[in-house]
Each structure stands twice: as C-alpha cells, then as structure tokens.
Amino acid sequence: MKEEIPARIAALRDYMRGEGINAAIFPQTDPHQSEYIADHWQVRRWLSGFTGSAGALVVTLDKAFVWADSRYWLQAADQLKDTGIGVMEEGKPETPTIEDWLCSALKSGDTVGIDGMVFSIIATQQLAHQLAAKGINLRVNFNPMEVIWNDRPALPLEKIFIHEEKYAGESCTSKIAKILADAAKQGANAAFISDLAEIAWTLNIRSTDVESNPVVTSFLYIAQNGTTLFVDEAKLTPEVVDYLAANGVKTASYTAVKDFLAALPSSAKVLVAPAMTAGAVAAALGDKLIAGTSPIAMLKGCKNDVQIQGVRKAMERDGVALVKSFMEIEKALATGTKITEMDVADILTKHRSAQPLYFDQSFDTIAGYAAHGAIVHYSANPQTNVVIQPENLLLIDSGASYLDGTTDITRTITLGNPTPQQKSDFTLVMKGHIALAEAVYPEGTRGAQLDALARINLWKHGLSYLHGTGHGVGHFLNVHEGPQRIHITENPTPLMPGMITSDEPGLYRSGEYGIRCENLILTVPAMTTEFGRFLKFEVLTLFPFDLRLFDTAIMTDGEIKWVNDYHTTVRERLLPLLNSEEQAWLNKKTEPLTRS
C-alpha cells in the first residue's frame, strides 16, 4: 500500500490546483465527529497510509504532514516513511498547531479547503477565524474524494437490531422525555444529535457499522411534535420499523438531513452540541441553532442499576475467558509451540466468543511483545507480527462487547526472568494504579484533579507517560466515551456515581518494552460528612496482575494489602465459574504477595 500513497497525493494535488485550493485538511473523523469510523470515511488513512485512530493530514501543493499525538509518534513515523508525508509530533512544545502552520506556510489570498461535514462547528469557526486574520480564505465544501477515490467503500448498510430493555435498563421513550426536558432548560424545543453512540443509546438500537463499535450510521432529530431518525432504509428490518413506530420515531433518508433542517420553521429552536455537530449542519440550521450541552452525554455516562449489574456479570464472564486465554498462551510458551502477537489476539477472541452474551471485541487487541509494547496503540499485522519468546515482557490490551456490558483490560506479564528495572518500572506503574483505585474524593471532583495520583510515583523517578490515565467506557457501546476522563489536561465534567472509567497508567521504554496496567472502575458513593458527599471507586475488572513483576521493597504495606485484597475478590468471583485445572491456575496467580 505504501507505494500507492505518492500517487494518491499527486492526484489530490492535481484536483486542488483545478479547484484553486492551496491547502487541504483531512481529519480522522466522519460527519458524526466519531473517533472510530466506518471504511467509507477513512479518507486520511486512504490518502496517507497512516492507520492511527487520531491525527489529521494536511496537504499543500508541495508539502504534506500528519499531526499525530504521543500514542502514535512511533507508528506514524514507521507508516509514513518513504511516502513523502512527514510527521508533526503533536503535544511537543516546538510543534505548531495545524492553524499556525498553515498561517506560516500560506500567503494572503490563498484558500484552504475542508469538507464541512467532517469538521465540527467549533473547529470550523476556530479555523476560519485564525485563517482570516492572515487573509487566508476557507472553503467548506471541498470534497475531492468523490472524484479521486474511485473504489471508495459504500456507506454501511448493516441491519439495525434492538438492544433489549432488560439490558439497557430504560425505554427509549423515557430517554427522549429526559432529553427534551434538558433541551427546554437550555432554551430549545428540539435537539439534533449527530453522535452515533448517543443515538444508539437514546433509541436502544445497535448495529455493526463501525468495527468494534456497535453503532448505527444515522442522525436523530428530537422534538415535542415527533422524532425522526435519518438512516438508510436498507438498514431497517420490519421488527425495527415497528419498534421505532411504537416509540413515536419516524424515519427519513440519511442524506436528507441538511434539507430537513433547513426547511424547519423559524419557531424551531434546535439544541446542538457544537463540538459534536458538523459545521455544515450549523449552516443548514442558521438562526434556528441553539448551541449548548448535549443532554445525552451525562445521561449515557452515568449507568443505571440494570447496566451496572450487567457489567459486573460481563466482567465475570470476561475474567473466565481471560483465564482460559492466558493459560493457553503460557502452555504454548512452555511447550515451545510457536505463538505470535496475532495468535494472542486470536486466542482471546476464541475464548471470549464462547461466553454467553458475547457480541464482538470492543477494539482491536493490542498484543505488544518486547519493543512493540512501547508503541502505545500498537496493533500487530502480517508485516509487524513477531514470534513471542520466553523472555522480556508482553503487554496485552483487549476487551469485549457483551449485550450486558463492555470490557477493557490491560495486563503486562513477564515471559522470563524480569530485570530489576522491569520490576521497578512495573511496580511504580502499579503504585499509581492503586493510588487512583483507592481514591476518596469530594463530589464535584474532576478527572484532572485525580490524574496526578497515578503519575506522582513515576515523576519522583523522572519517569512519565503521555497518554491519558482514564477514559469513560460505554455500556454495550464504544469503549471510549465521555463526558468524563482522567487526564493531565482539564475537563469540566465531574466524576459522578454510575460513571465507568479506566484506570491505566503506563510506562514505555522505546525499543525495549512497555508496561500498562488497566482496570475499569465505577464511581460510587463513599460517605457523607459535615464537609459534604464523598465518592470512591469500585473496581470492576476481574483478573490477576503478574505477581512476578512486583518489587515489594518499594511498596507500602497498604499497597501490598490492596493487591492481595483485589486478588481475593478475583478468586471469590471467578473460582466458581472455572474447572479444577483453571482453579488451580488462578489460585497460583493470586497467592498472597509478601515481602521477600
């Protein structure tokens, strides 16, 4: 594929010249501002060959760069080598923003082209403002893919199915009523939803339009006088049509959405979330647009009791699958059977798919052996796949979507005799993991206020990691969701009861190995005192950490107790679900951690 990239960029530049475009920007998203996208919208990947889930491509008539964050610096450098496309390492102080770079690379009177359906309202406004200050024009209807991408995949046509209320815990009519009530508080009498996960959650529907994300390619308009789902008719089954009609939901063509919005009466006051809605949608709505906060984000983020209980059960089944998987991996290594990184991913899928209510993996498994573990979002392919040896470290980040919950877990294991540095690194990461898991904090606390708990032990040794510490996780939905996150940068959303978030500090030594330790944690009430209400975390994930990697000399008694208490919980929940051989394996893996 790499050899095709220069020709594609050349074709793009020819088209740009014909349209009077001096620079074009291609973000890694779709008209729904999604992180994970269907093949139809993989424009940046097709043009550049870079496969990361984030990062924009900028092409001028003589230069091209991909802006990639720290998760993808190494991957981007490798995939873009010899393509004529450079890497801008986003996040480094010396790296300019796309806007700043364009303002320095272009001259007054030049024109930047974008597709207004894949740039949010906020992004479009900010870009236009910065370019205008330098006399640079912005064209928002530039879509060369319709001409130069001859074999572009079609829009997804996978069938929709109903996510039953026994798993969802609430009817879609109840959710729509709450959304309209929130919209009214924000001065609107309707709401327009672009985010695919929010639409799936609202209507209790799912599909397989995006790999590992059970969402439906659609838009949703909600108003007091009726709700309309904009979706390709081929995706609808008679059962789904009847279900939607019974809940007061009409359907219209996916491609009719802008015309529909433009034709709304002037009395319509339509709430949209500017960061999650395309600039082209804003143009269609005009004065009818009310910019505000999505009513769905917090409703979806705070799981109800049915969902929480479902996730707990899903974690038990996931833990069983993980026991079977890690046993199989260990046996292969012990007997000298060849096993590769891709084999590890297949083993996990095999055992997870045998569990009740399994639907799909929640993301592509990351099985990074040795140096590959230092590539944060590494994904093995036939070109990079390596045979795993009985030495060094293996990082496995994986998860599954079950009808009653979504899982995401990372474990780092040693395959030989760990070095003192590996043990120290692992233990420092785990000290941060434990500190976050044990946190008790006042209501209203935001993720950024807790983030340092996971990093401070690393910082004391001059170590760090550049990715976030925790992301929200959906319920039989996207493994990455908001509105909360635990990150070094600020996020205004407080952690609230019912939110499920990851706890995943890490450490990566380029060319050597990577370490990440991840559980999912649920925000729950802790206590109420004269100083207010306090919250804490319940650990949801059920699988042991590798005892061989702990350096107890640098652990406190409390940290050792946390590991032992956690492993006791893992045994209590999983042993009844395992056969005798599996029970013996788990008992061995959860023996009490003691000072040597």
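Each part reduced to its alpha carbon centroid, segment 96-110 and segment 170-220 end up 37 Å apart. Are there trypsin sites (Lys or Arg not before Pro) in segment 143-243 that DSSP puts in a loop and that have at most 15 other Cβ atoms within 10 Å, and which ones? Sparse-neighbourhood loop trypsin sites (Lys or Arg not before Pro): 159. Computed from the Cβ-Cβ distance with R0 of 22 Å, the FRET efficiency linking residue 146 to residue 7 stands at 0.75. Once both labels are positioned 7 Å from their Cα atoms along Cα-to-Cβ, the gap between residue 332 and residue 95 label points is 3.3 nm. Compared with the alpha-carbon gap, the fully stretched path from residue 154 to residue 391 is longer by 80.8 nm at 0.36 nm per residue. Each of 456, 339, 290 has its accessible area taken with a 1.4 Å probe; listed largest first, they run 456, 290, 339. Reported to the nearest whole Å, the Cα centre-to-centre distance from segment 427-463 to segment 501-572 is 10. Relative contact order, whole percent, for the chain stands at 11, derived from Cα pairs under 8 Å and 6 or more residues apart. Please state the shape class of segment 1-129: rounded when a/c is under 1.5, otherwise prolate if a/b exceeds b/c and oblate if not, all from the C-alpha gyration tensor. Since a/c stays below 1.5, the shape of segment 1-129 is classed as rounded.
Surface calculation, 1.4 Å probe, protein heavy atoms: residue 287 sits at approximately 150 Å² accessible. Note on residue 164/residue 575: beta-carbon distance plugged into 1/(1 + (r/R0)^6) with R0 of 25 Å gives a FRET efficiency of 0.25. Based on Cα contacts under 8 Å between residues 6+ apart, segment 212-326 shows a relative contact order of 17 percent. Checking every one of the trypsin sites (Lys or Arg not before Pro) in segment 333-417 against DSSP loop status and a limit of 12 other Cβ atoms within 10 Å picks out 338. Per-residue SASA remark: residue 527, around 90 Å² accessible (1.4 Å probe; ligands, DNA and RNA not included). Under the simplified labelling scheme, the residue 19-residue 78 pair shows an inter-label distance of 3.3 nm, with each label point 7 Å from Cα along Cα→Cβ.
Applying 1/(1 + (r/R0)^6) with R0 = 45 Å to the Cβ-Cβ distance of residue 62 and residue 259 gives a FRET efficiency near 0.70. Mean separation of Cα pairs under 8 Å and 6 or more residues apart, divided by the residue count, gives segment 501-565 a relative contact order of 21 percent. Annotation note: GluC sites (Glu not before Pro) in segment 521-596 located in DSSP loop regions with a Cβ neighbour count of at most 15 within 10 Å are 530.
The values are calculated or read from the model by the stated rules, or taken from the named source; none is laboratory data. The structure presented is a predicted model; accordingly, all values stated were derived computationally and were not measured. Because the Cβ atoms are built from the backbone with ideal geometry, glycine has one as well, and the counts that use them run over all protein chains shown. Ligands, DNA and RNA are stripped out before the accessible areas are found, and what is left, the full protein with its side chains, is counted by its heavy atoms. Shrake-Rupley method; radii C 1.70, N 1.55, O 1.52, S 1.80 Å.
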